[in-house]
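Asker: My questions all concern the structure below.
The values are calculated or read from the model by the stated rules, or taken from the named source; none is laboratory data. Here the structure is a predicted model, which is why all the values come from computation and not from measurement. Note that each Cβ is placed from the backbone with ideal geometry, even for glycine, and that neighbours are counted across all protein chains shown. All accessible areas refer to the heavy atoms of the entire protein, side chains included, with ligands and DNA or RNA removed. Shrake-Rupley method; radii C 1.70, N 1.55, O 1.52, S 1.80 Å.
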Amino acid sequence: MIEIFANAQELARGAAEYFVARSGEAVAQKGFFTVALSGGSTPKALYQLLVDLDVPWSRIHFFWSDERHVPPDHPDSNYRMAYEAMLSRVPVPEGNIHRIRGENPDAAEAAREYEQTLLPLDLILLGLGTDGHTASIFPGSEVLHETKRLVAAPWVEKLNTYRITMTLPLINNSAAVLFLISGAEKAGIVKEVLEGPKQYPAQFVQPTHGRLLWMLDKDAASRLAAG
Ligand code: 6PG
């Protein structure tokens, strides 16, 4: 399903409402909610909005769909972004924050350790890069073909670094996946991913039993046939 919002702020508001609804439902059903946060710049507005909403913080377990190979206090850390925008400002128990240990010099070991901390996920947030990557699954990467590992540490040639990322077997096993995409610079890749032949990593996100939701702002959706 695709939802289109007037601008980036409305997109963040729509995603926040979805987050509140799904976390409320999960907590009512089983007492807790598990979510994987995404990095990049788009979800920051969502995280900031959630701080002031009615969210069952103490019942939520936070994971990350990917992490950069840096320590948690590094400006590029996805954990740091979410911590500063949201987690440091709400009553979530420290033990519910399951960050990827990007400071480990051995990225593969950080990935293996992270696999051990996972719980079944109710919601995975994802972004889309202009090259069609999602999480840290980049075009041409062998991690695209991973079938066993749930978290991996691919070398990302174009960025000259390792990344630590959830893999497709894990992502596609989630109860729900939400893509958040904003901005005119994403319009071309959004069109290719949603309307073109299957070739980009983001197109391999197809939850087996879960829901797949794309939330876009108008600029990102501007080249869609129906947009
Ligand atoms: C990361 C990501 C990545 C991101 C996209 C979109 O760590 O960078 O998780 O997959 O979601 O690159 O990023 P923007 O929202 O910044 O465009």
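Asker: From the list Asp106, Asp66, Asp76, which one is without any contact (Cβ under 8 Å) to a residue 12 or more places away in the chain and in contact with a strand residue (DSSP E or B) (Cβ under 7 Å, 6 or more places away or on another chain)? Steps first, please.
Answerer: On the way: Asp106 fails: in contact with a strand residue (DSSP E or B) (Cβ under 7 Å, 6 or more places away or on another chain); Asp66 fails: without any contact (Cβ under 8 Å) to a residue 12 or more places away in the chain.
Exactly one residue qualifies, and that residue is Asp76.
Asker: Tally up the residues in segment 8-29 that are closer than 21 Å to Arg59 by Cβ and open to solvent by less than 20 Å² (accessible area, probe 1.4 Å), please.
Answerer: The number of residues fulfilling the criteria is 5.
Asker: Here are Pro201, Pro139: which of them is open to solvent by less than 10 Å² (accessible area, probe 1.4 Å) and in contact (Cβ under 8 Å) with a residue 40 or more places away in the chain? Working first, answer last.
Answerer: On the way: Pro139 fails: open to solvent by less than 10 Å² (accessible area, probe 1.4 Å).
Checking each option against the conditions leaves just Pro201.
Asker: Return the residues of segment 152-181 that are within 12 Å of the ligand (Cβ to nearest atom) and either open to solvent by less than 10 Å² (accessible area, probe 1.4 Å) or part of a strand (DSSP E or B) (or both); say none if nothing qualifies.
Answerer: Those that are within 12 Å of the ligand (Cβ to nearest atom) and either open to solvent by less than 10 Å² (accessible area, probe 1.4 Å) or part of a strand (DSSP E or B) (or both): Val156, Thr161, Arg163, Ile164, Thr165, Met166, Ile171, Leu178, Phe179, Leu180, Ile181.
Asker: Follow-up question, since we're still on this one. Could we say that Phe32 is in contact (Cβ under 8 Å) with a residue 12 or more places away in the chain and open to solvent by 30 Å² or more (accessible area, probe 1.4 Å) here?
Answerer: Numbers: in contact (Cβ under 8 Å) with a residue 12 or more places away in the chain: yes; open to solvent by 30 Å² or more (accessible area, probe 1.4 Å): yes.
Yes, satisfied.
Asker: To continue, here is another question. If you check every pair at least six apart or on different chains, which have Cβ atoms under 6 Å apart with a residue in segment 83-96 that is among the polar types (S, T, N, Q) first and a residue that is open to solvent by less than 70 Å² (accessible area, probe 1.4 Å) and not in a helix (DSSP H, G or I) second?
Answerer: Asn96/His61
Asker: Now for a separate question. Looking at this structure, is Glu192 modelled with pLDDT of 95 or more, within 13 Å of the ligand (Cβ to nearest atom), in a helix (DSSP H, G or I) and surrounded by fewer than 17 Cβ atoms within 10 Å (Cβ to Cβ)?
Answerer: Taking the combined requirement at face value, the residue does not satisfy it.
Asker: Of the conditions (1) assigned to a loop (DSSP other than H, G, I, E, B); (2) surrounded by fewer than 22 Cβ atoms within 10 Å (Cβ to Cβ); (3) in contact (Cβ under 8 Å) with a residue 24 or more places away in the chain, Leu144 clears all except one; give me its number.
Answerer: Every listed condition holds for Leu144 apart from (1).
Asker: Which of the residues spanning segment 58-71 are open to solvent by 20 Å² or more (accessible area, probe 1.4 Å) and more than 16 Å from the ligand (Cβ to nearest atom)?
Answerer: Residues satisfying the conditions are Ser58, Arg59, His61.
Asker: Now for a separate question. If I go through segment 72-98 residue by residue, how many of them are outside any loop (DSSP other than H, G, I, E, B), open to solvent by 60 Å² or more (accessible area, probe 1.4 Å) and under 22 Å from Gly127 (Cα atoms)?
Answerer: So the count comes out to 3.
Asker: Moving on. Restricting attention to segment 38-57, and to residues there that are buried (at least 21 other Cβ atoms within 10 Å of the Cβ) and near the ligand (Cβ under 9 Å from one of its atoms), which single residue is farthest from Trp214 (Cα to Cα)?
Answerer: The selected residue is Gly39.
Asker: If I ask for residues that are under 19 Å from the mean Cα position of the chain (by Cα) and in a loop (DSSP other than H, G, I, E, B), which ones from segment 54-70 would you list?
Answerer: Across segment 54-70, the qualifying residues are Val55, Ser65, His69, Val70.
Asker: Which members of segment 106-135 meet the condition of being more than 16 Å from the ligand (Cβ to nearest atom) and either among the small types (Gly, Ala, Ser) or surrounded by fewer than 23 Cβ atoms within 10 Å (Cβ to Cβ) (or both)?
Answerer: Within segment 106-135, Asp106, Ala108, Glu109, Arg112, Glu113, Glu115, Gln116, Thr117, Leu118, Leu119, Pro120 meet the criteria.
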